[in-house]
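Visitor: Handing you this structure, nothing more for now.
The values are calculated or read from the model by the stated rules, or taken from the named source; none is laboratory data. No experiment lies behind these values; they were computed from the predicted model shown. Note that each Cβ is placed from the backbone with ideal geometry, even for glycine, and that neighbours are counted across all protein chains shown. Heavy atoms of the whole protein, side chains included, go into the accessibility calculation; ligands, DNA and RNA do not. Shrake-Rupley method; radii C 1.70, N 1.55, O 1.52, S 1.80 Å.
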Amino acid sequence: MKKLFYILVSLTVSLALTTSCGKTQRKSSRTDTASSGAIAFASDESFSSIIEECRQVFEFTKKGKAHLTPIYMSETEAINRLVNDTMQLVIAARKFRQAELDTLLARTYKGVSFPIGYDGLALIINPQNTDSCITVNDVKRVLSGEVTDWAEINPGSKRGQIRLAFDQSGSSAAQYCVDSILDGRPLGKNATAAKSTPELIEYVARTPSAIGIIGSNWLFDERDSTHTKWKKNVTVMSVTAMDKATEMNSWKPYQAYLLDGRYPFVRTIYALLNDPYNGLPWAFAHFLESPKGQLVIFKSGLLPVRGELNIRTVNVKN
């Protein structure tokens, strides 16, 4: 019988925020400050549930003087907007690339990024599919298009052609697979993209041969405060780094398994800033790494980057 792990979190760190002394002054039509005003920012859609909770708490702390509007889009489009100075804040699953920093510096801007949490990249399948354990090597083979049939993973499987799907074209999930799992190699020709995360989940729920790639925070049952229960309309696959996947050596993207390294596909979530005025985008980004923001992130299903995390083992009997 596997043991379930629950994480207890104590966020007691103090946060020193940088001041705006010495920054270059520019003419701007912006009227927001660090504690008031209205701004829009961009985020990959896979983080929308966490961002919404953090936004509500942040606006409450500003007593109605600050208003944030998240705009959800692909990670690629969001970062392009920030580099082109049409957005000042983006929540993404990667840091700035050097070429992007160089583009900002050429216009005397300085891009800043820092981590705010960790997310598991989950593989989801239809509940009718009993092939629920998979190796890291087989994940690579599926993503690259080397493997296109379920029988190539589990001999004897009758599921037929693997239908690989992502939440959006250019999403952070797709980019993570290329950068971190395939080491820069492209996705196979069998990969397709839905128009949104909910659409991806629905597609997998009605397609017995599908594998969906999605951020794990989308999959928790909102009624479960321990984050150990998943949505009922899909099955979350267990993954192992071993040569053969079994129920005993494979792991799902629970927070505890992200923390102790058992789950192999963990991505860092970053706040990316281009805000020389240290206004509302700057304030919200630093709220996300503050003790209060980190607690909200933890309760939402992500693993926070700050604070003391303790894992307790609980024996669960059927």
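Visitor: Determine ³J(HN,Hα), in whole Hz, for all residues of the stretch 134-148 in sequence, where each value follows from phi through the Karplus function 6.51 cos²θ - 1.76 cosθ + 1.60 and θ = phi - 60°; x replaces Gly and Pro.
Guide: 3J(HN,Hα) across the stretch 134-148, in whole Hz: 8, 8, 4, 4, 5, 4, 4, 5, 5, 4, 7, x, 5, 10, 10.
Visitor: Between the stretch 142-170 and the stretch 196-212, what is the C-alpha centre distance in whole Å?
Guide: 13
Visitor: Under 5 Å between amide H atoms, partner at least 5 residues away or on a different chain: which partners does ILE116 have, H built in plane at 1.01 Å?
Guide: The list, which skips near neighbours in sequence, is ILE269, TYR270, ALA271.
Visitor: Show which aspartates and glutamates lie in cross-link reach of LYS195 when reach means a straight Cα distance below 15 angstrom and same-chain residues fewer than eight apart are skipped.
Guide: ASP44, GLU45, GLU75, GLU77, ASP167
Visitor: Also: Using alpha-carbon pairs under 8 Å, 6+ residues apart, how would you state the relative contact order of the stretch 45-178 in percent?
Guide: Working: 86 pairs, mean separation 31.4, N = 134.
So the answer I get is 23 percent.
Visitor: Please give the charge dipole size of the stretch 95-198, origin at the Cα centre, charges +1 on K and R Cβ atoms and -1 on D and E Cβ atoms. Round to the nearest 20 debye. Numbers along the way, then the final one.
Guide: On the way: 12 positive and 11 negative charges, 52 e Å.
The dipole magnitude comes to about 240 debye.
Visitor: Okay, next question. Cα-Cα over 23 Å: which of LYS140/LYS252; LYS63/LYS110; LYS110/LYS292?
Guide: Details: LYS140/LYS252 17 Å; LYS63/LYS110 30 Å; LYS110/LYS292 27 Å.
In this structure, LYS63/LYS110; LYS110/LYS292 lie more than 23 Å apart at Cα.
Visitor: By accessible area of protein heavy atoms, probe 1.4 Å, what ranking do LYS65, LYS158 get, highest first?
Guide: On the way: LYS65 135, LYS158 190 Å².
From most accessible down to least: LYS158, LYS65.
Visitor: Then there is this: Rounded, prolate or oblate: which fits the stretch 149-303, taking a ≥ b ≥ c as square roots of the Cα gyration tensor eigenvalues, rounded meaning a/c under 1.5, else prolate when a/b beats b/c?
Guide: On the way: a/c = 1.92, a/b = 1.58, b/c = 1.21.
Note, shape of the stretch 149-303 comes out prolate.
Visitor: Counting only heavy atoms of protein chains, what accessible area per residue, in Å², does the stretch 152-193 have with a probe of 1.4 Å?
Guide: 51
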